[in-house]
Each structure stands twice: as C-alpha cells, then as structure tokens.
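Read through the structure below, which is laid out as structure tokens, and then see the notes.
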Amino acid sequence: MKLAILGSGKIVHDFLPVVKDIPEIEVKAIFGTVRSIGKMEILQTQFSIDQVYTDIEECLASEAFDTVYVALPNHLHFSFAKKALEHGKHVICEKPFTLQNAELLELEKLASEKNLVLIEAITNQYLPNFKSIKTALETIGQLKIIECNYSQYSSRYDAFKEGTILPAFNPKMGGGALMDINIYNIHLVVGLLGKPLKVNYYANVEREIDTSGMLVLDYGEQKVVCIGAKDSSASIRSTIQGTKGAIIINGPTNTLESFTIESLGAVQSINDNQHTHRMYEEFLVFNRVIQENDQKFVKQQLAHSKIVMEIVEAALADAKISLG
Ligand SMILES: NC(=O)c1ccc[n+]([C@@H]2O[C@H](COP(=O)([O-])OP(=O)(O)OC[C@H]3O[C@@H](n4cnc5c(N)ncnc54)[C@H](OP(=O)(O)O)[C@@H]3O)[C@@H](O)[C@H]2O)c1
C-alpha cells in the first residue's frame with residue numbers, strides 16, 4: 001500500500017511509528033494546514049515521507065500513492081473521504097466514520113461505483129483479543145447483560161467549562177462523549193451482537209454537547225449499557241454476563257488489553273494480543289484488503305459501520321443533540 005495521510009495531529013503521531021512494523025505500507029505523502037507545516041516537516045524527516053502538501057487538490061492529483069488515511073477532525077471525514085474517492089484513491093477513515101448515516105451511504109455508493117476500498121479505522125474489531133472474547137462467549141451460558149464503561153476525565157473539559165470549546169467538545173465539529181469515546185463501546189457491542197432493537201441515550205448535556213452519557217441498547221434477550229464520559233473518571237472496564245459466568249474486559253474498549261473469564265468457580269486471565277500497539281492489526285488487514293481489492297470484506301465491514309452509524313444517529317436524536 002502506498003499511503004497519503006491527511007492530518008498531523010495526535011493520532012498521526014501515534015500511528016506513524018507503527019508503520020515501520022508493516023514494511024508493505026509506504027507513507028508517500030502527508031497533507032495538512034499551512035499552520036502545521038513545521039510539524040509536518042518534522043514528521044517528513046523522522047519517517048522519510050516524500051511529500052508534504054497543504055493543498056488537497058494538489059495532493060490528491062499525485063499518483064505516488066493509492067490510498068488515503070483520513071485522520072482529520074470528525075466533521076471533515078465525509079468531505080475529505082469523498083474528495084479522495086473522486087480522485088480514485090482507496091480510503092481508510094478514522095472513527096467516527098461520518099456525522100450522519102446518509103453521508104456514509106453516499107461514500108459507500110461512490111466507492112462501489114469506482115471499485116475502491118472504503119473502510120473505517122476501528123481498532124477493536126481487528127485485535128486478537130476481540131476474536132478470543134467472541135469465542136469465550138460460548139463458555140458463559142446464555143448472554144444476558146453487557147456493561148461497557150469508558151470514562152476518562154479530559155483536560156479539554158476544564159477549557160470547555162471556561163468557554164474554550166476544543167474540537168472534542170464542539171458540536172459543529174462532531175465532538176461529544178458519544179462520538180469521541182463511547183463509539184468504541186458501540187463498535188465492540190455491534191461486533192458481538194449486531195443491530196439492536198431499540199436505542200436510548202441518557203446524556204449529560206452542557207453547551208449543546210454530551211460531556212458524558214449512558215447508551216442503552218435493547219437486543220430483546222440481552223440488555224446493554226455503554227457508558228462514555230469525558231467529564232468524570234471511573235475504572236475503565238467492561239463486563240459481559242451470562243447464565244453460567246462472566247467475561248471482564250480490563251481497560252478501554254479500543255485496546256482490549258486483556259480479559260478474564262469467570263465461570264463455574266474458575267478464573268482464567270487471557271491476553272492474545274501480539275503487538276503492543278492497538279493500530280498494528282487493523283493496518284495489517286487494510287494492507288491486505290487493498291492489495292487484493294477484497295470487496296467482500298469491505299462490504300462486511302461497511303455493514304458493521306452502518307449499524308454503528310444508525311445507533312449513533314438514533315442516540316443523538318434521543319438526547320436532542322445535533323452535530324455538524
Ligand atoms: N483510532 C484511535 O484510536 C483514535 C484516537 C484518537 C483520535 N482518533 C480520531 O482521529 C481523528 C483525528 O484525531 P486527533 O486526536 O489526531 O485530532 P487532532 O490532534 O486535533 O488533529 C487533527 C488534525 O487535523 C488537522 N486539520 C484540522 N482542520 C483541518 C483542515 N481544515 N484541513 C486540513 N487539516 C486540518 C489539524 O491541523 P491543525 O493542528 O493545523 O489544525 C491536525 O493536524 C478524529 O476523527 C478522532 O476521532 C482516533
């Protein structure tokens with residue numbers, strides 16, 4: 001895969017060191033704002049990136065890369081992914097895919113017409129521990145309750161309270177606890193159970209954005225609560241309860257660091273993740289999917305992403321929050 005990265009923020013700094021462990025991925029270009037040119041030039045030197053761009057048309061006109069990784073603030077995912085597809089590039093897009101499901105449907109149509117790969121970068125779906133948790137479900141009897149809690153006090157919340165609204169808390173930029181943090185819980189649950197019958201979101205809303213909230217998903221015979229908070233902290237863990245035992249996931253749902261199975265009086269701790277970085281496995285798969293243009297896999301992952309978007313849309317409507 002020959003890659004162009006859009007953005008030079010936190011996630012890009014996190015991602016670039018991982019690429020050296022996947023030699024098939026060559027980072028050919030980085031695009032960003034004029035104000036970030038210094039930052040991009042440092043990354044260019046550090047990671048041997050051929051080109052730095054501040055003009056998106058100029059960047060996308062290049063034939064030096066076949067794939068674009070959209071790592072921009074949430075409200076820009078749709079427009080930049082669309083532009084990239086229009087220029088014939090495969091697209092890997094950061095979470096949340098888009099702000100509205102209709103936007104995702106439009107991207108899907110465009111990618112399909114052009115026979116391009118369009119896929120969401122969502123770490124937990126690709127981690128070995130996710131597969132192992134799915135397998136472990138067989139050992140805990142009939143599944144009844146899932147509770148995911150990803151609550152982490154954000155230093156940006158202090159600024160927010162004083163009136164400085166950074167992207168993570170800005171409704172116009174697709175911020176909020178649901179989109180930023182609870183989305184990982186939603187992906188985990190959809191990966192395990194699929195589409196829920198009913199969605200409710202009970203949110204703490206300040207300045208028109210959810211600073212924390214509880215998402216309740218009703219699956220009929222299973223009930224799920226996903227808690228995401230940026231205004232308070234708690235032990236970050238998730239529990240999956242069945243009639244014969246429970247699975248406890250230690251740590252956040254984007255890393256799935258390890259988990260414990262408590263069943264029939266026995267306790268078993270498991271960690272099947274191989275690589276220390278959460279993004280390694282997903283990019284390994286994206287590289288293969290793009291090499292093989294595996295449209296069957298793309299369809300399957302898009303079906304998953306669309307369920308997540310439908311949940312997000314229903315939840316935000318329920319809490320009367322509008323983004324974008
Ligand atoms: N997968 C994960 O684990 C994970 C973790 C964190 C974030 N994310 C996702 O990754 C995305 C980026 O998050 P982040 O934490 O990296 O954000 P960030 O640190 O705020 O970085 C955003 C980047 O986008 C650039 N940008 C902003 N407006 C732009 C524009 N109009 N044109 C071009 N570039 C623009 C910024 O440049 P300036 O600094 O010059 O404005 C900055 O380089 C978000 O969608 C987030 O949800 C994913």
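The values are calculated or read from the model by the stated rules, or taken from the named source; none is laboratory data. All values derive from a computational prediction rather than experimental measurement. For neighbour counting, all protein chains shown are included, and Cβ atoms are generated from backbone atoms with ideal geometry for every residue, glycine included. Note: areas computed on protein heavy atoms with side chains; ligands, DNA, RNA excluded. Shrake-Rupley method; radii C 1.70, N 1.55, O 1.52, S 1.80 Å.
Quick notes
- In the range 75-102, the residues that are not assigned by TED's automatic domain parsing to the domain that holds Leu188 and part of a loop (DSSP other than H, G, I, E, B) form Cβ pairs under 6 Å with partners that are among the hydrophobic types (A, V, I, L, M, F, W, C) and within 11 Å of the ligand (Cβ to nearest atom), at six or more places apart or across chains, as follows: Lys95/Ile122; Lys95/Ile183; Pro96/Met179; Pro96/Ile183.
- So Ile247, is it open to solvent by less than 20 Å² (accessible area, probe 1.4 Å) and β-branched (Val, Ile, Thr): yes
- Among the residues of the range 50-62, those that are more than 14 Å from the ligand (Cβ to nearest atom) and either open to solvent by 50 Å² or more (accessible area, probe 1.4 Å) or closer than 27 Å to Glu281 by Cα (or both) comprise Asp50, Gln51, Ala61.
- Of Glu281, Glu208, all but one fail to be touching a Pro at 6+ places or on another chain (Cβ under 9 Å), touching a residue at least 60 places away in the same chain (Cβ under 8 Å) and open to solvent by less than 40 Å² (accessible area, probe 1.4 Å); the exception is Glu281.
- Checking each residue in the range 119-131 for being open to solvent by less than 40 Å² (accessible area, probe 1.4 Å), away from the ligand (no atom under 15 Å from the Cβ) and closer than 23 Å to Asn182 by Cβ picks out only Asn129.
- Counted residues, the range 65-93 - those being open to solvent by less than 20 Å² (accessible area, probe 1.4 Å) and near the ligand (Cβ under 9 Å from one of its atoms): 4
- Positions within the range 214-228 being touching a helix residue (DSSP H, G or I) at 6+ places or on another chain (Cβ under 6 Å) and either open to solvent by 10 Å² or more (accessible area, probe 1.4 Å) or on the phi > 0 side of the Ramachandran plot (or both), in sequence order: Tyr219
- Scanning the range 7-42 for residues being closer than 23 Å to Arg288 by Cβ, near the ligand (Cβ under 9 Å from one of its atoms) and aliphatic (A, V, I, L, M) gives a total of 2.
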